[in-house]
1. What is the Rg over Rh value, at two decimals, for the stretch 25-225, using alpha-carbon atoms and the Kirkwood definition of Rh?
2. Ordered by packing density, taken as the mean number of other Cβ atoms within 10 Å over each peptide's residues, highest first, how do 129-140, 32-43 rank?
3. Given the Cα-Cα distance of residue 29 and residue 52 and 0.36 nm per residue of separation, how much length would full extension add, in nm?
4. Calculate the length of the line joining the C-alpha centroid of the stretch 139-172 to that of the stretch 60-85, in whole Å.
5. If neighbour count is taken as other Cβ atoms inside 10 Å, put 125, 228, 97 in order from fewest to most.
């Protein structure tokens, strides 16, 4: 009887770390938002007492993320990201903790492991990896990235979740030297296009403006949160 009881207790302890993820609220673990409602992924916790996850580089340039139940390996993923950084946050706003893998920095690639309540495990987000610095807006439930397009351009990309896929809703292109982009029909500093179709900016539905003050309020807030 004692051996059976000990075995059951050990099994319960081994299962507990991942089981807790499906039951807990993570708002208290996430950083405070700025006055515009955003926080930066790199300000999120990088380790937690109740879950063990590791990330190690592989010979092919990918990173292997391993997640443990107690001392037992529960899941592993080979991910095409740029570094072994791990951050814990509720990335898709379902009140469960997810794992952001990668540096969340300009000119780098990152992705997200999402907690699936039905499966009781993590699943990789669908679609392309993320590129650039990442901010999260938990009240309006969207993410936004900032990446460099060239020496004189910046790309701000706004994402919304559709299931486990991050879909680009709008892209703001900032051109600090519009003369360098005449061939694309760009003659103003800011251009907003729907979605992420940037092959020919001139043919996209867009809003062009000479001054930041003429941008929609949400985009002005995004720029301010990035400190630009």
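Derivation of every value follows stated rules applied to the coordinates shown; laboratory data play no part. Predicted model, so just to flag it, every value in this text is computed and none were measured. All Cβ positions, glycine included, derive from the backbone under ideal geometry; neighbour counts span all protein chains shown.
1. On the way: Rg = 18.2 Å, Rh = 18.1 Å.
Expressed as Rg/Rh, it is 1.01.
2. Working: 129-140: 20.4, 32-43: 15.8.
Ranked from most to least packed, the peptides come out as 129-140, 32-43.
3. Details: separation 23, 0.36 × 23 = 8.28 nm, distance 1.62 nm.
The span from residue 29 to residue 52 would gain 6.7 nm if fully extended.
4. 25 Å
5. On the way: 125 21, 228 11, 97 25.
Neighbour counts put them in this order, fewest first: 228, 125, 97.
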